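The structure under discussion appears below in the form of structure tokens.
Read-outs throughout are calculated quantities, based only on the coordinates presented, and are distinct from any laboratory measurement. No experiment lies behind these values; they were computed from the predicted model shown. Cβ placement follows ideal geometry from the backbone for every residue including glycine, while neighbour counts extend to all protein chains displayed.
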Amino acid sequence: MKKRKLTSLVLIAGLCMGLLFETTAFAQDTNKAWSTETVQLYYTGTIQFVPSFVVPADAGYYLTEGKNVKQAYVNYTRDNESVTTNGGRLYTGTASSTSQTTQYSATAHAWDSLNPWASKTLFNYGWIYF
């Protein structure tokens with residue numbers, strides 16, 4: 001009997017803890033952008049989209065509901081200047097039609113500053129619609 005009560009208490013405590021920690025999840029993951037940092041020194045940022053995908057409500061990633069993406073870009077900046085290794089915004093290819101099911105993507109890279117007082121390196125991305 002004690003074991004059953006203990007198990008029930010542990011289960012209830014676990015459920016309560018789950019309510020305290022919120023996980024952010026977007027409604028879709030077809031059109032998305034993300035950035036990873038390696039050893040607090042090197043950044044890799046990627047953006048991807050599928051032209052035939054109509055953006056739903058609350059899609060996240062600053063997407064506009066009801067639109068189809070035609071092209072996208074990624075960029076890293078520091079002090080409002082690009083620090084991406086290719087020298088600026090990196091664009092995906094341009095889709096020719098909203099019926100295309102091909103996935104387009106672009107990946108950018110940037111080195112972080114070794115100066116501890118330097119401004120933050122920021123990940124920027126954007127969408128261009130049909």
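Subtracting the Cα-Cα distance from 0.36 nm times the residue separation, let me have the gained length for residue 28 to residue 78 in nm, one decimal.
Additional length available on full extension: 15.0 nm.
Grab the beta carbon distance between residue 96 and residue 62, set R0 = 30 Å, and tell me the FRET efficiency rounded to 0.05.
So, using R0 = 30 Å, E works out to roughly 0.80.
Once you place label points 7 Å from the Cα toward the Cβ at residue 119 and residue 86, how far apart are they in nm?
For the pair residue 119/residue 86, the computed spacing is 2.3 nm.
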